[in-house]
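Input: one structure, supplied below.
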């Protein structure tokens, strides 16, 4: 069957677009210039992240560039710190095209190190700081670098897997001090010490970096299982700077953008930092998101804008209402994942005037942006895209009588695909096989090439879409892509498991999909040790990837080619009822699974537990 929207009342009408069009018309010259700049970046242009950092230091030397806790760096100070690191790394033989590894939490040192490598043209592998054990080892192994920059706060996690990485011993290991709680291990160099006294002048290497050159690897989860290293290019970063920072957010040098999201992710690195840098605005960062401190930070930093993910907004709504909720200084925001069920409530409670929801793929150079400030949409895309019909039950796209794919009608949902071209390149992953799997050929005519996003979206009309869900072997929870294969591998290593299938299920009043595992046990269900399962999951996986529900099954239905029918499992959800299949839940704040009965099910679905 093809999924079709059941309610067309929220489809866009022309008058829904008028307020946003009027605002854009009021600053028409800058809008036209920004659109031309965003779409006009060419591969051989000498324009890059490093170029922008130097431009900001020249145009706004004494304006604030970075705010963190009680620290403040001006654009000149930030650029000089970056240059010191840049000259040092060059002296150590790092050159354009080299891969280096960065493992730091959100703090100014992250921006300094990443900026230094960007000016050289080295490709920084930005490691997810939540990863541990086998997943961390995988990410470090697929992006082996000539040197490793490890923060004091993460050196223990790195050391736990370093012996298994197969390093030659020639790689440079650099320790970045933090709060002085963990000593520098043997074999490391203190990065603060070795860069002290290095030249502060701009390096010659910046001018050699082109838009086509990569900046970094950002790790994403895909249908092949473990995290893949997606290539982020300078062209993508600079185009976002023009399009998001100038066109959409209309930033000025007096704005302050608050970012409590991780900088190793696209939203932090290529939305937050990009938007702030676009016009020399200040970039206020926090080590980790805190709902209780969010608006306190806004007041402290005098932030005028913020970057978000949908789950973050839901956490903020869960906070007890305050009489001054609407008096916060932040009136515009940009991000992704804000769902229609809380959109208006969030906007009204905190007096947000502009929500610039967006959608994009880390590895692909196209994006949807809510540039006209219309509610409940991820906006529109200026480059070619299509939404094609999809059979949810059989998990396949539906070709038409001519053999080509079919576009959905207005109001219908389907799989989003984007056309790959010179202007909209697909940088792909470090894994060529994973890259090839994302590419569709001969989609609407012989010879055309498209990218399969794997995402289910709805056509709202006027080139606007609404995000519905992620399909395949990845689901999204807590702002993170969770690889079902990765979780299944952990469960299947246990002797008491015959087979496991992991998928995402919807919990009312939450965003995304919570993990659920269907398990065919190798022992009678009553003898299954759930404590051992929970310990293995918590030890190996980030917290967001640990399944919230376990269902025991006698067998798991598969296709003739032995592919698990996860669509069936997803439809079953976690509802308890008259069944011989025991279900268990991992409640917030607990580390063990408890039996799920009808009473607990009712409490969960009513929102009693804040997952």
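The values are calculated or read from the model by the stated rules, or taken from the named source; none is laboratory data. No experiment lies behind these values; they were computed from the predicted model shown. We place every Cβ from the backbone using ideal geometry, glycine too, and count neighbours over all the protein chains shown.
Do you know which residues across the range 439-452 are surrounded by fewer than 22 Cβ atoms within 10 Å (Cβ to Cβ) and either within 14 Å of residue 504 (Cβ to Cβ) or under 22 Å from the mean Cα position of the chain (by Cα) (or both)?
Start the filter on the range 439-452 by keeping residues that are surrounded by fewer than 22 Cβ atoms within 10 Å (Cβ to Cβ), which leaves 439-449, 452.
439, 452, listed by residue number.
Would you pick out the residues in the range 416-431 that are under 27 Å from residue 333 (Cα atoms) and either in a strand (DSSP E or B) or not assigned by TED's automatic domain parsing to the domain that holds residue 449 (or both)?
Taking the range 416-431 and keeping what is under 27 Å from residue 333 (Cα atoms), we get 416-418, 424.
Across the range 416-431, the qualifying residues are 416, 417, 418.
Do you know which residues across the range 123-147 are crowded, with 21+ Cβ neighbours inside 10 Å and in a helix (DSSP H, G or I)?
The answer is 135, 136, 139, 140.
Continuing with this model, one more query. Looking at the range 258-283, which of its residues are over 25 Å from residue 220 (Cα atoms) and in contact with a strand residue (DSSP E or B) (Cβ under 8 Å, 6 or more places away or on another chain)?
Across the range 258-283, the qualifying residues are 280, 281, 282.
Taking the range 4-30, which residues are at pLDDT below 90 and either surrounded by 14 or more Cβ atoms within 10 Å (Cβ to Cβ) or in contact with a strand residue (DSSP E or B) (Cβ under 7 Å, 6 or more places away or on another chain) (or both)?
Within the range 4-30, 4, 5, 10 qualify.
While we're on this one: Can you find even one residue in the range 294-312 that is surrounded by fewer than 20 Cβ atoms within 10 Å (Cβ to Cβ) and in a strand (DSSP E or B)?
So far as the range 294-312 goes, no, none of its residues is surrounded by fewer than 20 Cβ atoms within 10 Å (Cβ to Cβ) and in a strand (DSSP E or B).
Looking at the range 424-436, is at least one residue surrounded by 15 or more Cβ atoms within 10 Å (Cβ to Cβ), touching a strand residue (DSSP E or B) at 6+ places or on another chain (Cβ under 6 Å) and on the phi > 0 side of the Ramachandran plot?
Checked against the condition, which is being surrounded by 15 or more Cβ atoms within 10 Å (Cβ to Cβ), touching a strand residue (DSSP E or B) at 6+ places or on another chain (Cβ under 6 Å) and on the phi > 0 side of the Ramachandran plot, the range 424-436 yields no hits at all.
Something else now. Looking for whichever is touching a residue at least 60 places away in the same chain (Cβ under 8 Å), buried (at least 20 other Cβ atoms within 10 Å of the Cβ), closer than 18 Å to residue 488 by Cα and out of contact with any helix residue (DSSP H, G or I) (no Cβ under 8 Å at 6 or more places or on another chain) here; the options are 569, 533. Which one fits?
569
Does residue 276 fit the bill of being in a helix (DSSP H, G or I), on the phi < 0 side of the Ramachandran plot and surrounded by 14 or more Cβ atoms within 10 Å (Cβ to Cβ)?
Here the answer is yes, as residue 276 does meet what is asked.
It is to be established whether one or more residues within the range 551-567 are at pLDDT 90 or above, outside the structural domain of residue 139 (by TED's automatic domain parsing) and under 28 Å from the mean Cα position of the chain (by Cα).
No, every residue in the range 551-567 fails to be at pLDDT 90 or above, outside the structural domain of residue 139 (by TED's automatic domain parsing) and under 28 Å from the mean Cα position of the chain (by Cα).
Name the one entry in 176, 149 that is in the same structural domain as residue 124 (by TED's automatic domain parsing) and under 30 Å from residue 43 (Cβ atoms).
Within the list 176, 149, the selection yields 149.
Name the residues in the range 422-438 that are within 18 Å of residue 384 (Cβ to Cβ) and either at pLDDT 90 or above or within 22 Å of the chain's Cα centre (by Cα) (or both), would you?
424, 425, 426, 427, 438
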